[in-house]
Amino acid sequence: MDQAPYQFKARRRKLVLQAMGEACSHRGWMLFAAHVRTNHVHAVVGADVRPEIVMNCFKTYASRALNRSGVDLPNRKRWARHGSTRYLWKEEHVSAAISYVIHEQGEPMHVFDTSAPSRSRLG
């Protein structure tokens with residue numbers, strides 16, 4: 001590693017979550033749940049493309065937002081080369097994934113939850 005590990009502090013988490021929402025809105029995808037943690041991000045998304053494309057789009061939108069905000073230098077490395085992606089074919093699998101993302105990550109940080117009244121909870 002040629003840079004220190006990247007940490008999503010509160011402002012960065014908020015920017016990443018907003019960027020994910022913008023990406024979904026622009027692409028016509030449905031963001032069911034997202035949770036931006038200090039060193040990784042979880043999301044459940046309904047999209048008509050492979051999950052790797054969704055993940056790469058999220059990384060692009062988030063990097064652009066972080067660069068524009070000035071919180072980092074543009075050459076800052078933030079993302080692993082890949083990430084965990086999987087298909088969820090059944091409604092019960094989607095529901096379980098949403099629950100995992102929202103409720104099983106420890107203390108909520110920056111969360112998007114379609115079932116919550118305000119739809120997102122930023123902490």
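Brief remarks follow.
- Using alpha-carbon coordinates, inclination of helix 91-103 to the longest axis of the chain, degrees: 40
- Calculated SAXS-style log₁₀ I(q)/I(0) at q = 0.21 Å⁻¹ - the chain, Debye, Cα scatterers: -1.32
- Lysines with Cα under 20 Å of residue 14, excluding same-chain neighbours fewer than 8 positions away: 59, 77
- Among 72, 113, 48, sorting on how many other beta-carbon atoms sit within 10 Å of each Cβ, with the fewest leading, yields 48, 72, 113.
- The modelled label-to-label distance between residue 38 and residue 71, using points 7 Å beyond Cα along the C-beta direction, is 1.5 nm.
- Estimated vicinal HN-Hα couplings, Hz - region 4-12 in sequence order (Karplus 6.51, -1.76, 1.60; Gly, Pro = x): 5, x, 7, 10, 8, 7, 3, 4, 5
- Rh (Kirkwood; distinct C-alpha pairs) - region 59-104, Å: 13.3
Computed from the coordinates by the stated procedures, all read-outs in this text should not be read as laboratory data. Owing to the predicted nature of the structure, the values given are computational and were not obtained by experimental measurement. So basically every Cβ, Gly included, is an ideal-geometry build from the backbone, and we count neighbours across all protein chains shown.
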